[in-house]
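Below is one structure, written out as structure tokens; the observations come after it.
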Amino acid sequence: MSVYTQLTDDQFSAFCQRFGVSFACAIPITQGIKNSNWFIQTTDDVDGAHSYVFTLFEERPLEDIEKMAVILNQLDGKLPVAAPLSLVDSAEKCYVIRYDNKAITLVPCLAGSHPQQTTQAMCHEIGTALAMLHETLQALQPSEQYGVPLYPWSDVRDRERQFMPADEAKLMSDIWQSYTDLPLATLPKGLCHLDMFADNTLWNLSLNNSQKGEESLTGLLDFTEVSVEHYVMDIAITINDFCTTWGDAEQGESVNFDRSKMAAFLQGYESKRSLGADEKRALPVMLAKAAVIFWLLRLNVIHYNRTEGRTGDNIMVKNPDLMKRLAAYHWSHVEKAKNTVFVLLDNLLASQKDIQIVGVFSNITQAEQARDKLSNSSEFAIKEYTVDQLS
């Protein structure tokens, strides 16, 4: 069920006219569970095509939707977003119609498809796009007036930890404490997307493009959760989905993180916005914390469905164990890094029995980034050493 509020054709026509769009037909959209959505065919559309998406927001406060509309119009022209149209009958810039104390927006349809799998090239491109998003939204000041409040995940943590096995509760607590111990005050903050998963993006995924590795980004979606947060947290959230292959049930729901994809993402991101030293040091812990947040989010959905009595085949719940496993993977790297250094070696010089150490790094991410910046990175290797042990 994706249409909760029923509208007549006369109402659609009147609403669309206020946006300067000539209405012909409204087609209900079957996906989604929170809002009422329709594709809008205009009098100029041919062969059953549709040009716009009409959304009536059933739950979100009007003020949140108005903020989202401003954010999307700030990004319009710089990134592929569906920016809400402005009202033609308003003297001031206005993107939202108020109807029955709910918000209505009209946005252009975006081309493209959701990717089933990602490539290194796609990770590089989404990294570039996220950096551009962070940079562009800095123009909206003070940023707190445009972002929605962050969800109180610590409350969910305290509730769910009571019912977890001891090892899971310890994992969550250790990660949370390590996050708290970061120099958070030194980490840059601003408006962040905070849900840039692959299924919130659209790509040109034609067969020829896929074969050439030339998939192109055509759409960024779902800006309803934009909040003020540390940029490195937004980076971690995006990396966790784009750089992980999630196995289906037949594959035992495996979780496979690809560090080469992460290196490509960071290279793309830093082509537009350089990461500070504190951000680079914080990233491994942020990756673990981001996985914990989405672990809690999925547990919270289960809790909400249970308390609200929501059941049925149309209720989709993602497996929280997948995010738990990803959190454990990242945490193992954080713990190992406490006693490990990563040495960047020049294989060519080593073969000549000359000085071979190029750099020494506290984590693999920084070592990989340094290697990738070298003119011929294939000539360089990264070797891992445990501190206070003979090699």
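No lab work stands behind these numbers, since they all come straight from the coordinates. Keep in mind it's a predicted model, so treat the numbers as computed, not measured. Cβ: placed from backbone, ideal geometry, glycine included. Neighbour counts: every protein chain shown.
Odds and ends about this structure:
- Order by protection proxy (mean Cβ within 10 Å, highest first), peptides 128-138, 88-98, 280-290, 253-263: 280-290, 128-138, 253-263, 88-98
- Using the Karplus relation 6.51 cos²θ - 1.76 cosθ + 1.60 with θ = phi - 60°, the per-residue 3J(HN,Hα) values for the stretch 283-293 come to 4, x, 6, 4, 4, 5, 5, 4, 5, 4, 4 Hz, with x marking Gly and Pro.
- Burial ranking of peptide ranges 265-274, 160-169 (average Cβ count within 10 Å, highest at the top): 265-274, 160-169
- Cross-link partners of Lys373 among aspartates and glutamates (Cα-Cα below 16 Å; sequence separation of 8 or more within a chain): Glu270, Asp346
- Helix axis angle, 166-180 relative to the chain longest principal axis, alpha carbon, degrees: 90
- Cβ-based charge dipole, the chain, positive-most Cα from Thr105, Asn73, Phe242: Phe242
- Taking each of Lys289/Lys338; Lys261/Lys324; Lys93/Lys272 in turn, the alpha-carbon distance tops 27 angstrom for Lys93/Lys272.
- Of the beta bridges in the chain, as assigned by DSSP with both residues counted there, near 95 percent are antiparallel.
- If you plug the beta carbon distance of Arg98 and Asp222 into 1/(1 + (r/R0)^6) with R0 = 22 Å, you get a FRET efficiency near 0.50.
- Percentage, to the nearest whole number, of Cα pairs in the chain over 37 Å apart: 29
- The chain, helix-only ellipticity at 222 nm - DSSP H runs n ≥ 4, -39,500 (n - 2.57), divided by all residues, nearest 500: -13000 deg cm²/dmol
- Angle in degrees between helix 320-337 and the longest Cα principal axis of the chain, rounded to the nearest 10: 30
- Fewest-first sequence of Phe12, Phe223 by Cβ atoms within 10 Å of each Cβ: Phe12, Phe223
- Relative contact order (%) - the chain, alpha-carbon pairs under 8 angstrom, separation at least six: 13
- Sequence-separation-based contact order of the stretch 9-108, relative, with Cα cut under 8 Å and 6+ spacing, percent: 25
- Between helix 364-373 and the chain there is an angle of about 90 degrees, using the helix long axis and the longest principal axis of the Cα atoms.
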